[in-house]
Amino acid sequence: MGAINSHGVGDYISPAGTGLIQVMSNQQPTIEINKLSKKYDRNKNFALHELSLNIYPGEVYGFLGPNGAGKSTTIRLLMDFIRPTAGSASILGLDTLKQAVDVKRNVGYLSGDSDTYLKMTGRKFLNYMNELQPAVSKKYVAELASRLKADLNKPLGSLSRGNRQKIALIQALMHQPKVLILDEPTSGLDPLMQDEFYLLINEAKERGSTIFMSSHILSEVQKVCDKVGIIRSGKLVSEQSIEQLATEAAQTFVIHFTGKPPLAELKAIDGIKKVSVQKDGRVVLHVHSGLSKLFAVLAKHDVKDLSTMELNLEDQFMHYYQADTNNRGDKDV
Amino acid sequence: MFSVIKWTLWQRRYSIMWWSIAVVGFILLNLVFYPTFKDQAAELNNSLSQLPESAKALFAGSSDFVSPVGYLNSQIFFLMLPMLLTILTIGLGASIVAKEEREGTIELLLARPVSRNKLLVSKAISAIIILLVVSSMAFLSISVTAKIVDIAVPLRYIAVATLGSVVLALCFGSIAFVITMLSKSSKAASIGVATLIAFGGYIIVSLSSTVKWLKNPGKIFPAYYYKPEDILRGNINWKYFIFPISIIIISAIVSWWSFNNRDIGN
């Protein structure tokens, strides 16, 4: 797959950087993470190991990984809640460790646990947060509350997790920060509110904000993000743009031959990167170029069915999390 | 910084109110019976004189129970007021920052442009304000009640004795605070250790007047330097404040260093 990675992480990623990210690489990254590592006192293993990535202005970056992969550790390092064992990070050119306060003047943060002051009403809580970092206007806070249908008059402890999450989102968004760092932002939100959140993210992006969000929800990342990074056991194993993924997927063909698949012929075609055979005999191949040569080969054989794959981030995700690909019935050839 | 102090006090407003009511209530209960007590002074002195020295030292640090100063010392300043203020400050020291860490709310504060230093100082100031509010209520109620029941002790001596209790309590609170700062998950440990130093020290210091070998070990406990009876008699020796204030300063420096260098939150 012709994915993009400026850091050489993962064998899945080719250095052929084209499209969005290469254009962006001429810019100064908004978030720059350089070999960031974290090892907790009581653990032998690194929770995060030499993570390097760049996120560019106006980009929405989805950070994917299962529980314990290192997503929250990365976010908490960026926010200077925890201190790195090695490496560094900067936001808007400011060191997250040495210039933490200046960094936070430009950051909106949402915690993954939606911890809050349970005895305060939403209104009092937002007043408190507003005193520490003023919102753009009272009107904007009211607008956010209205759009997210947040109840500001009840104690936060009496609200459901989803309703508390709405208020947590308001505090992260109300000062229209240049950078948003969101740890599982839609956790607990109903589908209608999730859609409203996606709209708010788009609006922030249009204002030029850079958004770094972790998520378990693959469809969400696919829907709102420009780029996706997959983290496993504290290491970044893949980083690709959604645009690139879509292009890659469109160039992935699934072919069902009537007889034995002509694997040798297919593999001989220039521009075909990977050929695999599924259990049911279907051939999956990734084409970079040479479509006409592919169709020339197909014309010589009896093809029962031909389709292109849709963009499916879950496949990408599972690619890194399924230890044994044979379990899926695929076999690389 | 002001906002953190303001909202911390707002969150603890009921606690401040109930602590003030409790302290004032205890003081009234103890002082209001002084006229009756005074009328039976001769009999009481006779009975109390038969107590062993160690028992007298444990309950009043003195053999004078019935003079105005002796009564005020034994009933309020020797044990009751410093004990209540110590319980309050140990609780504050063990929770004022640690509770926010345990509950995850500290991230909401540190995600705004608030430095760790400012947060720590704001929380420490909030705790001191709470202690001062409660101790001011104590001072006022002692002063007013003493006037009513005719305990003739100059106000400034009562004020300095109250200050002595505040400094002693703050000393134990700072020990609880530094333990939570060094090891964020140890609420029980911080309360336990600080309480042990406070009340274990009190027992050792009280007994050191009769148990000779406890005299030198007693000097390492803040209670040794707490002399309310001397203060109430006008023998104010400010050097007795140096030891507890030194502990407060050392605890503050260690807390600052630890909070600035360790991971925050759970």
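The values are calculated or read from the model by the stated rules, or taken from the named source; none is laboratory data. This structure is a prediction, so every number in the text was calculated from the model and none was measured. No Cβ is skipped: glycine too gets one built from the backbone with ideal geometry, and neighbour counts run over all protein chains shown.
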Pick from segment B:11-28, criterion more than 14 Å from B:Met137 (Cβ to Cβ) and surrounded by 12 or more Cβ atoms within 10 Å (Cβ to Cβ), ranking: nearest to the other protein chains (Cβ to nearest Cβ) | B:Gln11
For segment A:154-174, the count of residues that are within 14 Å of chain B (Cβ to nearest Cβ) and assigned to a loop (DSSP other than H, G, I, E, B) equals 1
Hey, A:Leu291 of a type in the set (A, V, I, L, M, F, W, C), farther than 12 Å from A:Thr252 by Cβ and at pLDDT below 85 or not = yes
Within segment B:84-97, is even one residue within 14 Å of chain A (Cβ to nearest Cβ), under 18 Å from B:Met1 (Cα atoms) and surrounded by 21 or more Cβ atoms within 10 Å (Cβ to Cβ)?
-> yes
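Please specify each residue of segment A:73-89 satisfying the condition of being assigned to a helix (DSSP H, G or I) and surrounded by fewer than 17 Cβ atoms within 10 Å (Cβ to Cβ). It would help to see each step written out before you state the result.
Let us first name the residues in segment A:73-89 that are assigned to a helix (DSSP H, G or I), namely A:73-78.
Hits for segment A:73-89: nothing passes.
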Which residues, taken from segment A:143-193, are free of Cβ contacts under 8 Å to residues at least 40 places away in the same chain, within 21 Å of A:Tyr128 (Cβ to Cβ) and of a type in the set (A, V, I, L, M, F, W, C)?
-> A:Ala145, A:Ala150, A:Leu152, A:Leu159
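Which one is nearest to the other protein chains (Cβ to nearest Cβ) among residues in segment B:105-135 that are within 18 Å of A:Tyr117 (Cα to Cα) and among the hydrophobic types (A, V, I, L, M, F, W, C)?
First, the residues of segment B:105-135 that are within 18 Å of A:Tyr117 (Cα to Cα): B:105-112, B:114, B:119, B:122-123, B:126.
Restricting the remaining residues to those that are among the hydrophobic types (A, V, I, L, M, F, W, C) gives B:106, B:108-111, B:114, B:119.
Working: B:Ile106: 8, B:Leu108: 7, B:Leu109: 7, B:Leu110: 6, B:Ala111: 4, B:Val114: 6, B:Leu119: 10 Å.
Result: B:Ala111.
For segment A:135-153, name all the residues that are over 29 Å from the mean Cα position of the chain (by Cα), part of a loop (DSSP other than H, G, I, E, B) and either within 14 Å of chain B (Cβ to nearest Cβ) or loosely packed, with under 13 Cβ neighbours inside 10 Å (or both). Don't jump to the end; show me each part of the working.
First, the residues of segment A:135-153 that are over 29 Å from the mean Cα position of the chain (by Cα): A:137-139, A:142, A:151-153.
With the extra rule that they be part of a loop (DSSP other than H, G, I, E, B), the set shrinks to A:137, A:151-153.
A:Ser137, A:Asn153 - these are the residues of segment A:135-153 that are over 29 Å from the mean Cα position of the chain (by Cα), part of a loop (DSSP other than H, G, I, E, B) and either within 14 Å of chain B (Cβ to nearest Cβ) or loosely packed, with under 13 Cβ neighbours inside 10 Å (or both).
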Exception for A:Met120 within (1) within 12 Å of chain B (Cβ to nearest Cβ); (2) hydrophobic (A, V, I, L, M, F, W, C); (3) under 20 Å from A:Ile211 (Cβ atoms) falls at (3)
Filtering segment A:90-112 down to residues that are part of a loop (DSSP other than H, G, I, E, B), within 12 Å of chain B (Cβ to nearest Cβ) and either touching a residue at least 24 places away in the same chain (Cβ under 8 Å) or more than 25 Å from the chain's Cα centre (by Cα) (or both) yields A:Lys98, A:Gln99, A:Arg105, A:Asn106, A:Ser111, A:Gly112
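Being within 17 Å of A:Val237 (Cα to Cα) and within 14 Å of chain B (Cβ to nearest Cβ): is that true of A:Leu36 here?
Numbers: within 17 Å of A:Val237 (Cα to Cα): yes; within 14 Å of chain B (Cβ to nearest Cβ): no.
Against the criterion (within 17 Å of A:Val237 (Cα to Cα) and within 14 Å of chain B (Cβ to nearest Cβ)), A:Leu36 does not qualify.
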With respect to the numbered conditions (1) in contact (Cβ under 8 Å) with a residue 24 or more places away in the chain; (2) within 22 Å of A:Phe63 (Cβ to Cβ), which one is the sole condition not fulfilled by A:Gly122?
-> (2)
